[in-house]
Amino acid sequence: MTDTHDDARPALEQALDRAAAAETLLVALDFDGTLAPFTADPGDSRALPEAQTALEQLLGLDRTYVAVISGRPMHFLRAVVDPDGRMLLSGSHGAELHLDALGGAAADSELRLSPAQQDLLGRATELVEAQVARYPGSRLELKPTGAAFHTRTMTDQASSARAEQEMIEAFEQLDGLKVTPGQHVVESSVHSATKGEGITAFMQATGAEVTLFAGDDVTDENAMRELGPDDLGIKVGNGESAAAHRVASPAELAGVLARLAELRSTALS
């Protein structure tokens, strides 16, 4: 007999129920704009307390893995996101992997740039430095594989949009440089890895029956597209997405993670 009450529940709640009952569950998340609200200084970003608590609860459950897949460099993720070394981490948009949480033979992938890539990174950095000098309020972020041009703290939206478009065009003049526009940021990378490669590595390494992935940015869509029919994708905020579900903000996602931790704990008891 069909339970009409269950059928009337929101689709996301039903999907969480199914994920919580999985034999092996992987919960993978972007960081900025997903676990952590955006801040004027990216170095100040931290996961919301409710989200952090939910992740800690999930990490304490059997056959449950937590991963963070971010454009942030690995040293930031280790120091700020996972100081206890219990999570799976992918930094620099999939170019860096940290698998020590699995134990055994798992280890970090060592990121090495060729001399040509190092030269290309230097040229990209010089382009961003020049653009920052032209547009007050913008800033440069250096990463292991690229240079990012941030406009979030610029006060004039028209100038911000113009600066971003100019940055894209300047980056595109450099052969071999990957250019990825985001929300108030234009990222460049001398490495071709994507967040899709990061989540694929984690799905394979954990053997997860179900994977949940949540992200807010264009770069997160590479991971969304790797999800299978039994997996759960959640888009945070506005914009087109391959995700089947959507929440409005990191605060709302924190509530979703708390609910998942509760459901998973019950399912495993």
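Where Rh denotes the Kirkwood radius from the mean inverse Cα pair distance, what is Rg over Rh for the stretch 114-161?
Details: Rg = 12.1 Å, Rh = 11.3 Å.
My calculation of the ratio gives 1.06.
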**OP:** Would you work out what percent of the accessible area of the chain, with all protein chains in place, is carbon or sulfur (probe 1.4 Å)?
**Re:** 49 percent
Subject >> the chain - accessible surface per residue (Å², probe 1.4 Å) >> reply: 46 Å²
**OP:** Output ³J(HN,Hα) for the stretch 25-32: one whole-Hz value per residue in order, computed from phi by the Karplus curve 6.51 cos²θ - 1.76 cosθ + 1.60 with θ = phi - 60°, and x for Gly and Pro.
**Re:** 10, 10, 10, 10, 9, 6, 9, 5
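Based only on the alpha carbon positions, what is the Kirkwood hydrodynamic radius of the stretch 95-220, in angstrom?
Working: mean 1/r = 0.0618 Å⁻¹.
Over the stretch 95-220, the inverse of the mean reciprocal pair distance is 16.2 Å.
Please work out how much length the chain gains when fully extended from Thr200 to Val218, using 0.36 nm per residue of separation minus the C-alpha to C-alpha distance, in nm with one decimal.
On the way: separation 18, 0.36 × 18 = 6.48 nm, distance 1.75 nm.
Length gained between Thr200 and Val218: 4.7 nm.
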**OP:** Write out the GluC sites (Glu not before Pro) in the stretch 145-233 meeting two conditions: DSSP loop, and at most 14 other Cβ atoms within 10 Å of their Cβ.
**Re:** Glu172
**OP:** Apply the Karplus parameterisation 6.51 cos²θ - 1.76 cosθ + 1.60, with θ equal to phi minus 60°, to every residue of the stretch 42-49 and state each ³J(HN,Hα) to the nearest whole Hz, in sequence, with x for glycine and proline.
**Re:** x, x, 8, 5, 9, 4, 4, x
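When a/c is below 1.5 the answer is rounded, else prolate if a/b is larger than b/c, else oblate, so apply that to the stretch 153-269 with a ≥ b ≥ c taken from the square roots of the Cα gyration tensor eigenvalues. Write out the running numbers ahead of the final one.
On the way: a/c = 3.31, a/b = 1.68, b/c = 1.97.
Because a/c hits 1.5 or more and a/b fails to exceed b/c, the stretch 153-269 counts as oblate.
The values are calculated or read from the model by the stated rules, or taken from the named source; none is laboratory data. A quick note: this is a predicted structure, and the numbers were derived from the prediction, not measured. Reconstructed Cβ throughout: ideal geometry from the backbone, glycine too, with neighbour counts over all protein chains shown. We work out accessible area using only protein heavy atoms, side chains counted, and drop any ligands, DNA or RNA first. Shrake-Rupley method; radii C 1.70, N 1.55, O 1.52, S 1.80 Å.
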